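What follows is a set of notes on a single structure, which appears directly below.
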Amino acid sequence: MESITKDMEGNENGHAQGTGAVAGVFLEKTKQKITIYQAMKKRLLKPGTALALLEAQAATEGIIDLINNRKLPVEEAVKEGIIGPELREKLLVAERAIDAIEKGHYEKGLLSDQIEALKVFYDPNSQENLNYPHLIEKCMVDPDTGLLLLPVCITFKGLRRGVSSTELLVSNIIDKETYDDLQKGKTTTQDVMLMETVKEYLEGKGGISGVAMLSSNQIMSIYQAMKQGILMPGTALVLLEAQAATGFMIDPVQNKKFSVDEAIKNKVVGPDYHAKLLSAERAVTGYKDPYTSETISLFQALSKDLIVKEHGIRLLEAQIATGGIIDPINSHRLPVDVAYKRGFFDEAMNTILADSGDDTKGFFDPNTKENLTYLQLMERCVIDPATGLCLLPLMEQSGGQNHNFIDYQTKLNLKEVRVRVTCGKYMGMIVSLWELVMSEYFNEHQRQDIIRQYTQGHLPMKMIIRKIMEVIEQSVKTTNVVFEGIRETVTAKQLVEADIISENVLEELNKGKKTVKEVTEDETVKMYLQGKDSIAGVLLPDSQIMTIYQARRKGKLMPGTALILLEAQAATGFIIDPIANRKFSVDEAVKANIVGPDLHGKLRSAEKAVTGYKDPYTGKTISLFQAMQKDLILQDHGIRLLEAQIATGGIIDPLNSHRIPVHVAYKRGYFNEEMNQILDDPSDDTKGFFDPNTHENLTYLKLMARCVTDPSTGLCLLPLKGKSNRVNIQDHIKETFQATNVTVKYGRFSCKHVTLWDLINSEYLCEDKRQELLKLYKSKMITIKEIIVIILEIIESKEIKWQAGLNFEGLRGNVSVVDLLRLEIVDEKTYKSLIEGKLTNKDIMKIDTVRTYLRGNSCVAGVILQPSSQKLSIYEAKKKGVLTPGTALSLLEAQAATGFIIDPLHNQKLTVDQALKEKVIGPELFEKLLSAEKAVTGYTDPYTDKKISLFQAMKKDLILQQHGIRLLEAQIATGGIIDPLKCLHLPLEVAYREGYFDAELNQILTDPSDDTKGFFDPRTQANLTYMEMMEQCIKDPETGLLLLPLMDKTKTQDKTEKMYSDAEIKQEFEKTTAQAATGFVIDPVKNKKLSVEESAAQGLVGNEWKNKLLSAERAVTGYKDPYTGNTISLFQALKKDLIVKDHGIRLLEAQIATGGIIDPVYSHRVPVEVAYQRGYFDEEMNQILDDPDDDTKGFFDPNTQENLTYLQLVERCVRDPDTGLSLLSLNK
């Protein structure tokens, strides 16, 4: 163990010393050094990564000969066999970049900047895409040569990235013997992954994946069950959070796993849950410690109060129930003792989780209405016999129990029984019966038959074991090791001969140690067998999908363009129907009307590129390339089809019905060096395809790069834009532009004489602008001189953006003067004066409007106590009880959403991260305020990964409408809607133009209804807009900050509306709880209103009632939602089953009878219609309370022995003339 650690430390020390390009690969298993090309041939590096690494070598210092420590030009490297001939042309292109830089055509840093920006390097160890600098950090320095080598170790697939065998050993997941066997090659990663304990630590045991409708045998996702009203939203959310926090979101119908972002894109969950599930997913990927910026675990985040305790405990318990606590740094689960050592768990938390109290019962059984732990809920689940997924059974009242699902206890019982297997992939291993029954050796019918015989007790365990072994033996004997090729089946031997799989894999297949399914899951094997999809159809501007043939018939594609695209489909495997997501041979496609009979002959001819051409001289079947050599097809036509094959996975071998690697194609005579050079040449010979949007001739690969992926099918679609305005450039226009010389002041053309043709085709102009200028010139609406002025202005504006002297400080980072002009914050005259030096930055910042848009006006920065004039931050005011938690949170969110958290004592503006470090806010508010801060920095659109504004996030349901309106109104009140791309406030009309606002929302914000009054004034107890809230403030003469004046020693609770609760001084418990639930416990003798704590301390109620009355008092102070940590009302707690229905109805009815439903966030009563709006009441509850049956009669008249509503009981009371209190008279 120590030696391993030292080796690892040595590698880390080497990282810092290495320079230059990545030279090769170091195999940790054999201690062997090999070249990048050799690593690609051995499939240790992906072809794309290997090519990118070799291009980096070629473009920086030359191809590296690792053995002789030499750097060679590409041509010499090919001759000496350091790289293969198939890479020659691509690497020559990269090599030419050096010459171009040395000749001054490009800036010296340009190439390295480009390489650094691209995340195209796949690290085989961590199994993630990295940019070049990060990949170099993972390298070690070869002590003999000083060259950088990428170490490749034995790696297993973790939850999010690769896990090394060393890490498994250090984590006590494998023992030293297994580790040594891996290093010596005595065992494989596949064998180790078959060990159930290893599998559970790497993948988990699986949580609750969906729901099972027992009466109909239907399976659905948790989100779908919620949308259909089968599961309550709160129940669904906690189950989905548990999925996110234990690894992946599950689609139980398709049996697929997704990250949260992928689940949104694939519509497994809706955007309304995106933020909450991303937060829960951090239990897997790690939380960012705001104090140190390090990645920390769920337990560590819980210990630092970064997440609500109940929420964190729930997620932690779900992790333990599904296989163990997750190490987010190493991306796998841990044994408990290792979790202790790494600080991911402790004894105190273990005690909490071991306790069967309500603290750990964070999940709800919708069948029995009980709160349970995740483990308890899983034990009530059933198993899908087809997939092995764990499903929550839902019992309909009318439905029977005759279903096909497996009881969870059966799974547990069969996992306890372990047997030694004598054949197949488990040969020589001791495996549980459950693992065997759920393996691919059993089909669903066989599985159910075995389970039925076991559960019904028809056979003893020995017979069950014998039957299971018989099925496995029979399956191994009869399984035919063949793969599905393009048109025919392919044997494993054929794949070995094509260098697609190794002899070792063939041996394992023959012995049954590996299955066809497992081998096909390998990315490379899958590509050679099935290829990548060709361009399947077109996507219209209105998002309608069409087949290529349909697009031709409807005039969306020219006949010639459609034909070559369909020929490419036929020549790469199949004709595709992108709507039904089906593939056809040409004959089948004509029968199915996917293409018309008019194209049958041409497409049958193209299809021969897959099925083979018949050599007229020998009668043999030959390939596309061989047919070209024999002049059986036209050269241009053949090149086009061959290029399409290579772009979609490789050249097709028509005899063996699969694609083959380039070096194998060379050997078999299906390709040669001359053709490779033709295809690598960027001339028009290989540009056989046409882009209908830009009217360019392109290669198939480049046309595919311009396509989009259909999220529902994964197919490649060519997007068609609206009617093109592209101008055909005539020769005389080009000649005129080439003859016009221009002097440029800025950028890479500065102080150089360049032609107008160079400028109009430079990177400074986008394609649309270029076409606009050419169109105007062609129609004689603009002159050459005017074009020069426009282009020079564009270059000037783009270059000035990077000049520090002409930048201004915005809410986050700098804003260029060009942006200020574009966003109409400065006018043209001011802009010109600044550029010409007539005005300085200081002069610009003296303009009030400019300063407001860049920095904003003061928000409600803090509190000032009267008459002491003591200043408090909002958080400090909350801690001292001057502000209620709800009021404080909404004011802090407004600060975060308008730019910064304010420290009014030190006059500091801080980001949320900084505010936490400076203790201006507490960790319990960190997540909520980070979310609000996105109103400044931008939200990430889960569908496009683009940054979007607060308003756009609202439109996509990423944040609640009411919450979004409150933050947006605060932005407008403090300077204007914030542009998240430039991080500054905008004029309203510009916000309209940029899509950050619309007329509908403007109408809402100008309406003085409660929808826009999202802030609570603790002095008047009125709901206000943020602007009105700011008007209540006073300006601090020292800092200019706005401070909310509040009376000293004010208790927020005393500031609630006069809620004269009705007293019950006798011993009926229900009446006392009604007092607590409507505001206070009443002392009618002293005419005092007391909190429950005070009333117990003064002996007004006995201690035996204290806890129950504290529970009832939450109807005033609010319940804590265990799912979100938010404060919720009595009615919301009732809807989430947090309190017993009868009890909740009784308290709710008492509130209404005594003045109205209480808003616990703002600590006052609200009218019924406002309660509806805020979700504190609904029509169904209104009807229950209006119904005079026993459901609402929760109070007892001791005089008449009747059950009454609270209102009816109040009506029978008498009023005390001295105090005005209602007293219940008792008959003697």
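The values are calculated or read from the model by the stated rules, or taken from the named source; none is laboratory data. Computed from a prediction, not measured in an experiment: that's the story for all the values here. A quick note on method: Cβ atoms are made from the backbone with ideal geometry, for glycine too, and the neighbour counts reach across all protein chains shown.
Among the residues of segment 1097-1104, is there at least one that is within 18 Å of residue 1194 (Cα to Cα), over 37 Å from the mean Cα position of the chain (by Cα) and either part of a loop (DSSP other than H, G, I, E, B) or without any contact (Cβ under 8 Å) to a residue 60 or more places away in the chain (or both)? Show your work before the answer.
Residues of segment 1097-1104 that are within 18 Å of residue 1194 (Cα to Cα), as a first pass: none.
There is no residue in segment 1097-1104 that is within 18 Å of residue 1194 (Cα to Cα), over 37 Å from the mean Cα position of the chain (by Cα) and either part of a loop (DSSP other than H, G, I, E, B) or without any contact (Cβ under 8 Å) to a residue 60 or more places away in the chain (or both).
Please work out which residue is surrounded by the most Cβ atoms within 10 Å (Cβ to Cβ), limiting yourself to segment 1205-1228 and to residues that are of a type in the set (Ser, Thr, Tyr) and touching an Asp or Glu at 6+ places or on another chain (Cβ under 7 Å). Don't jump to the end; show me each part of the working.
Keep residues of segment 1205-1228 that are of a type in the set (Ser, Thr, Tyr), which gives 1205-1206, 1219, 1222, 1225.
Still in the list and also touching an Asp or Glu at 6+ places or on another chain (Cβ under 7 Å): 1205-1206, 1222.
Working: 1205: 19, 1206: 26, 1222: 21.
Checking each candidate, the answer is 1206.
Table: residues versus (1) farther than 20 Å from residue 165 by Cα; (2) among the small types (Gly, Ala, Ser); (3) modelled with pLDDT of 85 or more.
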position	(1), (2), (3)
2	no, no, no
6	no, no, no
30	no, no, no
34	yes, no, yes
54	yes, no, yes
61	yes, no, no
Against the conditions (1) crowded, with 23+ Cβ neighbours inside 10 Å; (2) of a type in the set (Lys, Arg); (3) closer than 30 Å to residue 630 by Cβ, where does residue 602 fall short? Just the number, please.
(1)
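One line per residue, one yes/no per condition, for (1) surrounded by fewer than 17 Cβ atoms within 10 Å (Cβ to Cβ); (2) assigned to a helix (DSSP H, G or I); (3) not assigned by TED's automatic domain parsing to the domain that holds residue 569:
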| residue | (1), (2), (3) |
| --- | --- |
| 441 | no, no, yes |
| 445 | yes, yes, yes |
| 450 | no, yes, yes |
| 457 | yes, no, yes |
| 468 | no, yes, yes |
| 472 | no, yes, yes |
| 486 | no, no, yes |
Exactly one condition in (1) surrounded by fewer than 21 Cβ atoms within 10 Å (Cβ to Cβ); (2) hydroxyl-bearing (Ser, Thr, Tyr); (3) closer than 26 Å to residue 551 by Cβ; (4) touching a strand residue (DSSP E or B) at 6+ places or on another chain (Cβ under 9 Å) is false for residue 694; which is it?
(4)
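Every residue, every condition in (1) without any contact (Cβ under 8 Å) to a residue 60 or more places away in the chain; (2) small (Gly, Ala, Ser), yes or no:
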{"site": "171", "(1), (2)": "no, yes"}
{"site": "175", "(1), (2)": "yes, no"}
{"site": "178", "(1), (2)": "yes, no"}
{"site": "181", "(1), (2)": "yes, no"}
{"site": "202", "(1), (2)": "no, no"}
{"site": "207", "(1), (2)": "no, yes"}
{"site": "214", "(1), (2)": "no, no"}
{"site": "217", "(1), (2)": "no, no"}
{"site": "229", "(1), (2)": "yes, yes"}
Criterion violated by residue 420 - all others in (1) surrounded by 17 or more Cβ atoms within 10 Å (Cβ to Cβ); (2) more than 30 Å from residue 665 (Cβ to Cβ) satisfied:
(1)
May I ask you to verify whether residue 424 is closer than 21 Å to residue 517 by Cα, in the same structural domain as residue 364 (by TED's automatic domain parsing) and of a type in the set (Gly, Ala, Ser)?
no
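Got a sec? Which helices (runs of 4 or more DSSP H) wholly within segment 540-649 have at least 3 residues that are under 19 Å from residue 717 (Cβ atoms) and in contact with a helix residue (DSSP H, G or I) (Cβ under 7 Å, 6 or more places away or on another chain)?
Where helices (runs of 4 or more DSSP H) fall fully within segment 540-649 and carry at least 3 residues being under 19 Å from residue 717 (Cβ atoms) and in contact with a helix residue (DSSP H, G or I) (Cβ under 7 Å, 6 or more places away or on another chain), they are 548-553, 559-571.
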Every residue from segment 889-905 that is surrounded by 24 or more Cβ atoms within 10 Å (Cβ to Cβ) and hydrophobic (A, V, I, L, M, F, W, C):
891, 892, 894, 896, 897, 901, 902
Tell me, please, whether a residue that is over 24 Å from residue 956 (Cβ atoms), under 18 Å from the mean Cα position of the chain (by Cα), buried (at least 20 other Cβ atoms within 10 Å of the Cβ) and not β-branched (Val, Ile, Thr) can be found in segment 253-267.
no
Hits in segment 747-770 - residues which are buried (at least 17 other Cβ atoms within 10 Å of the Cβ) and not charged (D, E, K, R)
749, 756, 757, 759, 760, 762, 764, 765
May I ask you to say which residue of 858, 868 is assigned to a loop (DSSP other than H, G, I, E, B) and either among the aromatic types (Phe, Trp, Tyr) or touching a Leu at 6+ places or on another chain (Cβ under 8 Å) (or both)?
858
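Among the residues in segment 957-969, are any among the small types (Gly, Ala, Ser) and in contact (Cβ under 8 Å) with a residue 40 or more places away in the chain? Lay out the reasoning, then the answer.
Start the filter on segment 957-969 by keeping residues that are among the small types (Gly, Ala, Ser), which leaves 964.
Cutting the leftovers down to in contact (Cβ under 8 Å) with a residue 40 or more places away in the chain gives us none.
No, segment 957-969 contains no residue that is among the small types (Gly, Ala, Ser) and in contact (Cβ under 8 Å) with a residue 40 or more places away in the chain.
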Which residues, taken from segment 960-979, are at negative phi, in a loop (DSSP other than H, G, I, E, B) and either in the same structural domain as residue 269 (by TED's automatic domain parsing) or buried (at least 22 other Cβ atoms within 10 Å of the Cβ) (or both)?
974, 977
Going by the structure shown, is residue 860 more than 32 Å from the chain's Cα centre (by Cα), at pLDDT 90 or above, of a type in the set (Val, Ile, Thr) and closer than 21 Å to residue 935 by Cβ?
yes
What's the total number of residues in segment 489-507 that are within 9 Å of residue 658 (Cβ to Cβ) and either part of a loop (DSSP other than H, G, I, E, B) or under 39 Å from the mean Cα position of the chain (by Cα) (or both)?
4
Check residue 561 against each of (1) within 21 Å of residue 711 (Cα to Cα); (2) in contact with a Phe, Trp or Tyr (Cβ under 6 Å, 6 or more places away or on another chain) and name the one condition it does not meet.
(1)
For segment 810-833, what are the residues that are closer than 17 Å to residue 937 by Cα and free of Cβ contacts under 8 Å to residues at least 12 places away in the same chain?
814
Does segment 235-248 include one or more residues that are surrounded by 24 or more Cβ atoms within 10 Å (Cβ to Cβ), among the polar types (S, T, N, Q) and not in a loop (DSSP other than H, G, I, E, B)?
yes
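Out of 919, 878, which single residue is crowded, with 24+ Cβ neighbours inside 10 Å, of a type in the set (Lys, Arg) and not in a strand (DSSP E or B)? First the steps, then the outcome.
Numbers: 919 fails: crowded, with 24+ Cβ neighbours inside 10 Å.
Among 919, 878, only 878 is crowded, with 24+ Cβ neighbours inside 10 Å, of a type in the set (Lys, Arg) and not in a strand (DSSP E or B).
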If a residue must be surrounded by fewer than 23 Cβ atoms within 10 Å (Cβ to Cβ), of a type in the set (A, V, I, L, M) and farther than 24 Å from residue 1121 by Cα, how many such residues does segment 326-363 contain?
3
Which of the residues that make up segment 423-439 are among the β-branched types (Val, Ile, Thr) and either under 24 Å from residue 389 (Cβ atoms) or surrounded by 13 or more Cβ atoms within 10 Å (Cβ to Cβ) (or both)?
431, 437
Checking the structure you have, find out if any residue of segment 296-307 is under 15 Å from residue 208 (Cβ atoms) and not in a loop (DSSP other than H, G, I, E, B).
no
Scanning segment 552-572 residue by residue, those surrounded by fewer than 24 Cβ atoms within 10 Å (Cβ to Cβ), among the small types (Gly, Ala, Ser) and touching a residue at least 24 places away in the same chain (Cβ under 8 Å) turn out to be 560
